[in-house]
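The values are calculated or read from the model by the stated rules, or taken from the named source; none is laboratory data. Because the structure is a prediction, the values reported are computed rather than measured. Cβ placement follows ideal geometry from the backbone for every residue including glycine, while neighbour counts extend to all protein chains displayed. Just the protein is used for accessible areas: all its heavy atoms, side chains included, with ligands, DNA and RNA removed. Shrake-Rupley method; radii C 1.70, N 1.55, O 1.52, S 1.80 Å.
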Amino acid sequence: MAAHAPDKPKTRSAGRANRQPRAAPLQPPGLQPTAMDIAGLRKHSVIFEALSDEEAANLMQLARMVNHQARHTIFQEGEPGDHLLVVMHGRVKVSLVSPEGKEAILSILEAGDVFGEMALLDGGPRSATVTTMEKCSFLVIWRRDFLPFLERNPQVTLKLLAALSKRLRATNDMVGGLSFLNLPARLARILINLGQQYGKVTGDGIVIGIKLSQEELGNLVGVSRESVNRQIRVWVESGVLDYSHGTIILKNSDLLFRESLNTGG
Ligand code: CMP
């Protein structure tokens, strides 16, 4: 989905200097993906969908499964990284955090999505912080296993490149939005994206199946919680949406769509 940075430019190197390398998570004994987990990955994960049953089983042999509670930091920007993770259940947010603790959410990832591939592939530090938004489980695959696996399976490399290109497009959209759009347009874009990704059409409107605080919405749009609050209140009062305890219902998505194209002021 679209990604966003905060209002102010920030220096992250200070925060990065204090971070300690963290060990890769260990697999609790006996934790194994079920047949349904594997079937889900075969359908929704760029790494698994291009594989035959046998190749998928081979890759599974190299992977470990880990579970984490909500709000657990999987890793922080700046840490070294030698493994990637595939989301099996739950959602994570990918964010940048300034030394003052201000957060910019770049993306929200869900089942089938892969993260941690950048440090694995280029050997550089983690480019962002990843935190669970709810209870999650992941497959962990290490560089020493994954690179030879990619060499044996060029079709997986192509899928991965396509997924990275899609991510870059979303980031370009975000940068364009920050540069050219006013707050209502940016917020409208985020809400439409969330509606497309997580929305369910009901008699009340499009219910976004992911709870987001106004602070998190601000961190997605790149503005303060107060600015988001003011705009949400305007839209709630004019019947464009409902917002209650983190659940958003889009009631007039046509208007939001028109708003998202508004490049004025
Ligand atoms: P890595 O740099 O190893 O660790 C942080 C991960 O966050 C990164 O790999 C990607 O998987 C993911 N990530 C970084 N930037 C973005 C972005 N703009 N959109 C989506 N995911 C990202």
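Has the range 174-181 got any residue that is part of a helix (DSSP H, G or I) and hydroxyl-bearing (Ser, Thr, Tyr)?
There is at least one residue in the range 174-181 that is part of a helix (DSSP H, G or I) and hydroxyl-bearing (Ser, Thr, Tyr).
To keep it simple, each residue is scored yes or no on (1) open to solvent by 50 Å² or more (accessible area, probe 1.4 Å); (2) among the small types (Gly, Ala, Ser).
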position: Pro154; (1), (2): yes, no
position: Arg167; (1), (2): yes, no
position: Ala185; (1), (2): no, yes
position: Lys200; (1), (2): yes, no
position: Ile210; (1), (2): no, no
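Which residue is surrounded by the fewest Cβ atoms within 10 Å (Cβ to Cβ), if the candidates are limited to the range 66-91 and must be in contact (Cβ under 8 Å) with a residue 60 or more places away in the chain and within 22 Å of Asn153 (Cα to Cα)?
Selected residue: Asp82.
Restricting attention to the range 212-236, which residues are touching a Lys or Arg at 6+ places or on another chain (Cβ under 9 Å) and open to solvent by 40 Å² or more (accessible area, probe 1.4 Å)?
Answer for the range 212-236, where residues must be touching a Lys or Arg at 6+ places or on another chain (Cβ under 9 Å) and open to solvent by 40 Å² or more (accessible area, probe 1.4 Å): Ser213, Glu215.
Which one of Pro28, Pro6 is open to solvent by 30 Å² or more (accessible area, probe 1.4 Å), at pLDDT below 85 and not assigned by TED's automatic domain parsing to the domain that holds Cys136?
Pro28
Given the criteria over 18 Å from Lys159 (Cβ atoms) and either open to solvent by 30 Å² or more (accessible area, probe 1.4 Å) or modelled with pLDDT of 95 or more (or both), does Ile38 qualify?
no
Tell me, which residue of the range 61-70 that is within 23 Å of Met118 (Cβ to Cβ) and out of contact with any Phe, Trp or Tyr (no Cβ under 6 Å at 6 or more places or on another chain) is modelled with the highest pLDDT?
Going through the qualifying residues, I end up with His68.
Looking at the range 205-227, is at least one residue away from the ligand (no atom under 16 Å from the Cβ), assigned to a helix (DSSP H, G or I), at pLDDT below 95 and more than 30 Å from Lys135 (Cα to Cα)?
no
Mind checking which residues of the range 41-51 are more than 15 Å from the ligand (Cβ to nearest atom) and either within 15 Å of Asp113 (Cβ to Cβ) or surrounded by fewer than 11 Cβ atoms within 10 Å (Cβ to Cβ) (or both)?
The answer is Leu41, Arg42, Lys43, His44, Phe48, Glu49.
Go through the range 94-125 and give me each residue that's more than 8 Å from the ligand (Cβ to nearest atom), at pLDDT 95 or above and in a loop (DSSP other than H, G, I, E, B).
Gly123
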